[in-house]
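Student: I have a structure here, written as C-alpha cells, and I will follow up with some questions on it.
Just so you know, all these numbers are worked out from the coordinates, no wet-lab data involved. Just so it is clear, the model here is predicted, and its values are computed rather than measured. With ideal geometry, Cβ positions are generated from the backbone for all residues, glycine too; neighbour counts draw on all protein chains shown.
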Amino acid sequence: MKKILLLALVPLLMLSCRDTKKTNTTKAAGVAQQEIHKELYGFWVGDFYTTDELEYEGDMSDAIKKLNINIKKITKDTVIAQSVVSGNSRPLLGKLSEDGSKISFVLDEPGTEKYDGKFEITLVGDTLIGKWNAYKKELKWPEKEFKLLKKNFEYNASLMLPSESSYVDWSDHKMVKRLDTLEDGQVDTLKANPFYRSASDQIFKLNASTTLLKEEDVKNLRKLDLQILKNTIFARHGYAFKKQTFRNFFDPVEWYVPVKNNVDNDLTSVENKNIKLLDRFTKYAEDNYDAFGR
C-alpha cells in the first residue's frame, strides 16, 4: 500500500517541481533591467570624416558626410542604437561605461555589410566625439572621426534650402571642347573643359510640400530644379539619401536630419500629387551645364 502511495505521489512531485521552475523562470524573465541615462536618448547628428579625406587632392564632393546616431535604450549591460550615414541605416549594439563623470560607449554594427564597423564614443560636455573603425581594413577610408550634437527631428513643411548656397552637381559633368585663339592670331588645338549642371533660383521660390504646383510652375524648369524640388520633400521627412548628388546638396543643410530609408507613408496628399507632376516633367526636361571653378 505504501508503495502504491509513493508511486502516486511521484507525478505530483514532478508536476510541482515543473510548476516551481516555470514560476521562477517567469519571474526572472519578467525582471527587466532598469534603463539609465535616458537624457541621452534621441538623435545625435554631425560631420563624419577623416583627416586624410580632407587633405585628399581628388574629387572631394563626397568627403564630409552627415552621421546620425539614434540612441534608443541604455541599461547597465546594453546600449541599443542605430547609425544612419550615406543612406545606410544600421543597427548598433554595445555597452556604456562610466568612469567618474566620464561616459563612453562602444557600439558595433552587425558586420554583415561591407561598410560596417565599430563606434568608440565619449560624451564631452554636450557633444559625442569619437572614431569609427571599419571591420574591413582594406577599405579606402577604414577610419573616420565624428562630432555629434543632440538634435530633434520634426517634420516641417515650410523648410527650404538656404538661398545663400549655390547648387551645382559636382558628381555629373560633360566635357566641352573649345578653340583657344593665341595672341598672334593662331588657333590653338581643341581643349576639353568640364561643364557641370546647375540649379536655378526657382528652387528657393517653390515649395512642393505646402503648395499644389501647376504645370506652368514647372514646365520651364531645369531637370536639376525638378529633382531638387522633389528631393527637398523627402529631406523634410528625414529621408536618408543614398545618391551622392543629393547627399552633397542636403548633408550641409542645418535642418536636415537623415532618419530612415523610406518615407513613402509619411508623404501628404499635396506632396504625392506634386511628386507625380515633377516626375512627369523630369522625363522631358533638360539640364543647364555651366563652367565652374572648384
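Student: Could you size up the charge dipole of region 168-290 around its Cα centre, putting +1 on the beta carbon of Lys and Arg and -1 on that of Asp and Glu, and report it in debye to the nearest 20?
Tutor: 580 debye
Student: Taking the inverse of the average 1/r across all pairs of different Cα atoms in region 38-151, what Kirkwood radius in Å do you get?
Tutor: Final number for the Kirkwood radius of region 38-151 is 14.5 Å.
Student: What span do the alpha-carbon atoms of region 168-290 cover on each of the three principal axes, reported in whole Å from largest to smallest?
Tutor: Principal extents (Cα only, largest first): 64, 32, 21 Å.
Student: If you plug each phi of region 270-278 into the Karplus form 6.51 cos²θ - 1.76 cosθ + 1.60 with θ = phi - 60°, what whole-Hz ³J(HN,Hα) values come out, in order, with x for Gly and Pro?
Tutor: Calculated HN-Hα couplings, in order: 4, 5, 4, 5, 5, 4, 4, 5, 5 Hz.
Student: Straight-line reach from LYS214: which lysines have Cα under 26 Å away, leaving out those fewer than 8 places along the same chain?
Tutor: Cross-link targets: LYS205, LYS223, LYS230, LYS273, LYS276, LYS283.
Student: If you place +1 on the Cβ of every Lys and Arg and -1 on the Cβ of every Asp and Glu, how big does the dipole about the Cα centre of region 38-151 come out, in debye to the nearest 20?
Tutor: 600 debye
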